[in-house]
1. What number of residues within the range 102-119 are in contact with a strand residue (DSSP E or B) (Cβ under 7 Å, 6 or more places away or on another chain), of a type outside the set (Ser, Thr, Tyr) and over 10 Å from ALA33 (Cβ atoms)?
2. Search the range 114-144 for residues being among the aliphatic types (A, V, I, L, M) and not in a helix (DSSP H, G or I), and hand back the single one that is surrounded by the fewest Cβ atoms within 10 Å (Cβ to Cβ).
Amino acid sequence: MSTYFPKANELKRQWFLVDATGIPVGRLSTAVADVLSGKNKPTWTPFLDTGDHVIVINAEKALLTGKKGVQKIYRRTTTQPGSMKEVRAEVLKTTFPERIIESAVKGMLPKGPLGRAMYRKLKVYAGPDHEQSAQQPLIMTIQK
């Protein structure tokens with residue numbers, strides 16, 4: 001018995017469109033991370049990028065359940081002493097709602113070059129408009 005490895009020319013990458021309206025961020029992120037990594041395909045291989053592209057629209061309407069809006073803190077730094085900035089989730093949702101979903105999905109992908117290649121296939125938009133209409137994305141539904 002041998003292991004099947006898909007060739008580069010055999011990979012057919014599709015584009016999926018997800019509307020984040022009314023969906024909890026964690027549930028949305030797990031579904032998106034599975035599609036980006038290719039775990040929804042029979043040709044999935046742990047060390048190959050077999051996933052598809054995902055476009056998330058209406059990121060500002062995604063739900064933060066529980067007390068995450070007040071208690072969850074996003075941190076960023078430039079690695080210089082004293083440069084750490086802390087922002088609560090409710091403030092980040094009003095200013096840059098895309099970053100909440102991007103951060104959640106990025107944390108669910110593998111670390112290293114493979115995870116970075118998967119993350120590049122994610123496009124997140126705060127509103128209902130997106131720039132990838134030429135790719136004719138398929139609508140992907142996620143249970144609320």
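The values are calculated or read from the model by the stated rules, or taken from the named source; none is laboratory data. Small disclaimer: the values here were computed from a predicted structure and weren't measured. FYI the Cβ positions are ideal-geometry reconstructions off the backbone, even for glycines, and counts take in every protein chain you see.
1. We begin by selecting, within the range 102-119, every residue in contact with a strand residue (DSSP E or B) (Cβ under 7 Å, 6 or more places away or on another chain); these are 102-103, 105.
Right, trim to of a type outside the set (Ser, Thr, Tyr) and you get 102, 105.
Among the residues that remain, those that are also over 10 Å from ALA33 (Cβ atoms) are: 102.
Residues that pass the stated criteria total 1.
2. That would be ILE139.
To keep it simple, each residue is scored yes or no on (1) part of a loop (DSSP other than H, G, I, E, B); (2) closer than 17 Å to ARG120 by Cβ; (3) among the aromatic types (Phe, Trp, Tyr); (4) modelled with pLDDT of 95 or more.
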{"residue": "GLY26", "(1), (2), (3), (4)": "no, no, no, yes"}
{"residue": "LYS41", "(1), (2), (3), (4)": "yes, no, no, no"}
{"residue": "TRP44", "(1), (2), (3), (4)": "yes, no, yes, no"}
{"residue": "VAL56", "(1), (2), (3), (4)": "no, yes, no, yes"}
{"residue": "GLU60", "(1), (2), (3), (4)": "no, no, no, yes"}
{"residue": "PRO81", "(1), (2), (3), (4)": "yes, no, no, yes"}
{"residue": "VAL91", "(1), (2), (3), (4)": "no, no, no, yes"}
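Residues checked against (1) of a type in the set (Ser, Thr, Tyr); (2) more than 29 Å from TYR4 (Cβ to Cβ):
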| residue | (1), (2) |
| --- | --- |
| LEU36 | no, no |
| ASN40 | no, no |
| LEU48 | no, no |
| GLY66 | no, yes |
| SER83 | yes, yes |
| GLU90 | no, yes |
| HIS130 | no, yes |
| LEU138 | no, no |
